[in-house]
Amino acid sequence: MIVLGLETSCDETAAALVDGDRNILAEVVLSQFEEHRPYGGVVPEIAARGHLDHIDRLTAEVMKRARLPFDAIDGVAATTGPGLIGGVIVGVMTAKAIAAVHRKPFLAVNHLEGHALTARLTDDVAFPYLLLLVSGGHCQILAVEGVGRYRRLGTTIDDAAGEAFDKVAKMLGLGYPGGPAVQAAAEAGDPARFPFPRPMKGRPGCDFSFSGLKTSVRQMVEKLPPGPLAEQDKADLAAGFQAAVVESIADRVKRALREFRGSAFVVAGGVAANSALRARLTALSAEAGLPFIAPPLRLCTDNAAMIAWAGLEHLRLGRTDPLDTRPRPRWPLDPDAPKSRGAGA
Ligand code: ATP
Ligand code: FE
Ligand code: MG
């Protein structure tokens, strides 16, 4: 079984082919960092145009690299939400067109489900498992009970973890995208110099909060002498902030591990690329006696292999979607999620 997947929900245009034996037959990811860098963040209209400019070529490229005709595939998956609507429409329309022309099933994939199931593509993980999803737009702990069965144990009550990294990077003048820049700056920093709070630490439940921490970084910056920040100040602020995020997440995960024990502890989403966080989570899993599964970095950030794989998991269960399926810019993974903020969309 082979599925073609397309990802266009944010600022990566991506296409990939995976098979039922967990092989990635071909994949390409085109990041639009340069287009958005002057604005310090993703501009939805620029992103949508970028996807439109590249998606056909990237799709043809993966078919060529895998040396497969469209007839050889069994289904076409596309991120159908949540995400920036203009981009989502581009991916969904492209996938539907290929599906219609070649008479293949269309598979509407939730982007978060793509992140959530990546571990089953990279490792032989059985349901159920505990998942920490930490990305630019989301910060949640989920019990993954099966394909399409996700129970949310905690979520952020304000900013996502990646969003906090990106905003702090901007404050410190470290540029965009922020996560890798903060991590790099933190390497030369003293995490103990600035006493940042550990948001939510010790509180009941597994929810997250990063907005107060972000504010306290701003307040520390304002207390320093005016003018451009010294390199050491930047490094110490970055290190202090990163340590606070890691400790806050670790506290939440510890509680979740007490509440729910699956076959493994899995981390996904772009912030999972953070090496300090990975080290802490590795230690936590070991303490809990659970295997720790973190996909390789390129499969933690947005990519199409995870979308193709989630589509394949649906297809194997006979779950396909009609060609009139609508894009869903807001689409929580957990059916019980509240419709307001933090709804996973
Ligand atoms: P979502 O998947 O929620 O729609 P997204 O597409 O922005 O959001 P990803 O591509 O999964 O999310 O991840 C991007 C985020 O990960 C950004 O916020 C980025 O700053 C963060 N990130 C990437 N690398 C690191 C790192 N090394 N340390 C911390 N954060 C990182
Ligand atoms: Fe993502
Ligand atoms: Mg992204």
* What about V29, is it within 20 Å of the chain's Cα centre (by Cα) and either without any contact (Cβ under 8 Å) to a residue 12 or more places away in the chain or within 16 Å of ligand 2 (Cβ to nearest atom) (or both)? -> yes
* Structure fact -> Exactly one of E27, E35, E61 is charged (D, E, K, R), surrounded by 15 or more Cβ atoms within 10 Å (Cβ to Cβ) and outside any helix (DSSP H, G or I), and that one is E27
* Subset tally (residues that are touching a strand residue (DSSP E or B) at 6+ places or on another chain (Cβ under 7 Å) and of a type in the set (F, W, Y)) for the stretch 234-262 -> 1
* Would you please name the residue that is surrounded by the fewest Cβ atoms within 10 Å (Cβ to Cβ), looking only at residues in the stretch 288-304 that are part of a helix (DSSP H, G or I) and under 13 Å from the mean Cα position of the chain (by Cα)? => R298
* Asked: When both residues are 6+ apart or on different chains and their Cβ atoms are under 7 Å apart, which pairs have a first residue that lies in the stretch 275-302 and is within 24 Å of D11 (Cα to Cα), and a second that is within 16 Å of ligand 2 (Cβ to nearest atom) and among the charged types (D, E, K, R)?
  -> D302/E7; D302/E12
* Structure fact -> Picking from A164, A181, A256, the residue that is assigned by the TED database to the domain that holds G136, outside any loop (DSSP other than H, G, I, E, B), small (G, A, S) and crowded, with 23+ Cβ neighbours inside 10 Å would be A164
* Hey, among the residues in the stretch 167-178 that are crowded, with 23+ Cβ neighbours inside 10 Å and among the small types (G, A, S), which one's farthest from ligand 2 (Cβ to nearest atom)? -> A169
* Matching residues in the stretch 216-274 - criterion: being without any contact (Cβ under 8 Å) to a residue 60 or more places away in the chain and of a type in the set (G, A, S) -> S216, G227, A230, A235, A239, G240, A243, A244, S248, A250
* To do: Considering every residue within the stretch 77-92, establish whether at least one is of a type in the set (A, V, I, L, M, F, W, C), in contact (Cβ under 8 Å) with a residue 24 or more places away in the chain and assigned to a strand (DSSP E or B).
  => yes
* Asked: Does any residue of the stretch 119-134 turn out to be more than 14 Å from the chain's Cα centre (by Cα), surrounded by 20 or more Cβ atoms within 10 Å (Cβ to Cβ), within 16 Å of ligand 1 (Cβ to nearest atom) and basic (K, R)?
  -> no
* Asked: Quick one: in the stretch 9-31, which of the residues that are polar (S, T, N, Q) and modelled with pLDDT of 95 or more is farthest from ligand 3 (Cβ to nearest atom)?
  -> N23
* Among the residues of the stretch 274-304, which ones are modelled with pLDDT under 95, near ligand 1 (Cβ under 9 Å from one of its atoms) and more than 17 Å from Q183 (Cβ to Cβ)? -> D302
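Okay, residues lined up against (1) more than 15 Å from ligand 2 (Cβ to nearest atom); (2) at pLDDT 95 or above:
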residue: E7; (1), (2): no, yes
residue: A48; (1), (2): yes, no
residue: T59; (1), (2): yes, yes
residue: T79; (1), (2): no, yes
residue: A100; (1), (2): yes, yes
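The values are calculated or read from the model by the stated rules, or taken from the named source; none is laboratory data. Since this is a predicted model, take the numbers as computed values, not measurements. Virtual Cβ from ideal backbone geometry, glycine too; neighbours counted across all protein chains shown.
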